[in-house]
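Down below is the structure, laid out as structure tokens.
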There are 2 protein chains.
Amino acid sequence: MSPVNAPAKRDPEAARQRILAAALAEFSEKGLGGARVDVIAQRAGVNKRMLYHYFGNKDDLFLAVLELAYGEIREAEKALNLDDLSPVEGMGKLVAFTFDYFVQAPYFIKLLNSENLHGARHLRRSKAILDMHGPVIGLITDLLERGAAEGVFRDDADPVEVFITIASVGYFYFSNVHTLSAIFDRDLTSEREVAARRAHVIDVVLGYLRPT
Amino acid sequence: MSPVNAPAKRDPEAARQRILAAALAEFSEKGLGGARVDVIAQRAGVNKRMLYHYFGNKDDLFLAVLELAYGEIREAEKALNLDDLSPVEGMGKLVAFTFDYFVQAPYFIKLLNSENLHGARHLRRSKAILDMHGPVIGLITDLLERGAAEGVFRDDADPVEVFITIASVGYFYFSNVHTLSAIFDRDLTSEREVAARRAHVIDVVLGYLRPT
DNA sequence: TATTGAAGTAACTAACTGGTTACTTATATC
DNA sequence: GATATAAGTAACCAGTTAGTTACTTCAATA
């Protein structure tokens, strides 16, 4: 006869979520190799044994975190509704969205860097992630085709190359902020610098896409 | 009375170089955290104690490797002689060079990723590296100014943004080859794909720089 | 050729690391 | 309310890890 809203003494789902959140933080701060299982357990406020109970081992936990992170960005992309916009506006919105996403979810970049250091061995096991990327390419293909037909975009742009380029120009900036800031002796994490970079990357993609 | 060319039983400089080369390989394959001091010693064919004798500790050894890697690319850049070329040709050559450099020295990307995961804490201690980047920016500034004056480049491009963009479009491709290859289910390390990317990144930079 | 400092070695250590064992406790369901 | 199963805990373990100790050997030079 316990009240519906009473805090459950045991809440498996909440524990799972806390482990995932703690692992996301720890993995993105220290990388897969640098992250410590004990620290994740401590941050999640659960016994270390629970990580193994819920996720099997460190690598499988990392994969779960990776699936979470990829799921979030591809889900957000789907909600963009670029079909209602002109090709130029749509492309600008996609580039801005991608850039802003890196600002909002800095852990995404760190996780991908870690995964690439390890040859994408976790991701390759995840059918969920591998099936996730059709939609984005579809979005870009549609924008490029409409733009070329209307004569506002060049007609020789490859959708996958464009996708990689859109990701590149923002990703690299944030992935390498520390070395770039040190080298150029200016704080590239400042709002002013980030805003300047944001304007630049939109200029680059739209500038490139102008008809030849 | 030992012959000049007889192999010295002790060759400190050679030992130092072998340690550096082994550390470069190990650090770029496993990252700073994943690299093992014992493995570096083994790969270099020296006693582990020698790493500490020559370089002090693991972090200082990493910094030495970083200085070596940065020195190499900035030195190669200096030999480009872009002044003799037209702005468009010069910029094309710089973009191609940067891209090709990532192909030729894949360890450079791995080392930078590691350094950024650690907040550039080694690099910031290295005056040598921090003083290394004036020349490249000078090169780009000159190309942009000449191009704008001749009316073949837009006049609102910032040299540092352009530098970062030139690096981005190649760096990200190679840094993330494994995840990208998995996601798009095609081997982006193949010669054909690399050549296509190379052509694309030149198109992107030169396309963007066209006058507005 | 005596000396001294750098080059080199083997064995060790204290702290850590991912994962396990052996066990207890809560809860849904029949 | 008995019971099976999932949730949870504390203590432990075998293998690593960066760095050190205590020592020997070589070779330049005074």
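The values are calculated or read from the model by the stated rules, or taken from the named source; none is laboratory data. Everything numeric here is computed off the predicted structure, so don't read it as measured data. Cβ placement follows ideal geometry from the backbone for every residue including glycine, while neighbour counts extend to all protein chains displayed. Accessible surface is based on the protein model in full, side chains and every heavy atom, while ligands, DNA and RNA are left aside. Shrake-Rupley method; radii C 1.70, N 1.55, O 1.52, S 1.80 Å.
Here are the numbers for this structure:
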quantity	calculated
Matching residues in region B:33-90 - criterion: being within 9 Å of DNA strand D (Cβ to nearest atom) and within 14 Å of chain A (Cβ to nearest Cβ)	B:G33, B:G34, B:A35, B:R36, B:V39, B:K58, B:D59
Checking B:N113 against (1) open to solvent by 20 Å² or more (accessible area, probe 1.4 Å); (2) within 7 Å of another protein chain (Cβ to nearest Cβ); (3) more than 30 Å from B:D59 (Cβ to Cβ), the condition it does not meet	(3)
Residues of region A:126-138 classified as touching a residue at least 40 places away in the same chain (Cβ under 8 Å) and exposed (fewer than 15 other Cβ atoms within 10 Å of the Cβ), total	2
Count - residues of region A:113-122 that are part of a helix (DSSP H, G or I) and within 17 Å of A:R74 (Cβ to Cβ)	1
Any hit, region A:98-106, residues being buried (at least 16 other Cβ atoms within 10 Å of the Cβ) and touching a Lys or Arg at 6+ places or on another chain (Cβ under 8 Å)	yes
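So that you can scan it fast, the table gives a plain yes or no per residue for (1) open to solvent by less than 30 Å² (accessible area, probe 1.4 Å); (2) assigned to a helix (DSSP H, G or I); (3) out of contact with any Gly (no Cβ under 7 Å at 6 or more places or on another chain); (4) at the interface with chain B (Cβ under 8 Å from one of its Cβ atoms):
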position: A:R124; (1), (2), (3), (4): no, yes, yes, yes
position: A:T141; (1), (2), (3), (4): no, yes, yes, no
position: A:A157; (1), (2), (3), (4): yes, no, yes, no
position: A:F163; (1), (2), (3), (4): yes, yes, yes, no
position: A:F174; (1), (2), (3), (4): no, yes, yes, no
position: A:S181; (1), (2), (3), (4): yes, yes, yes, yes
position: A:R192; (1), (2), (3), (4): no, yes, yes, no
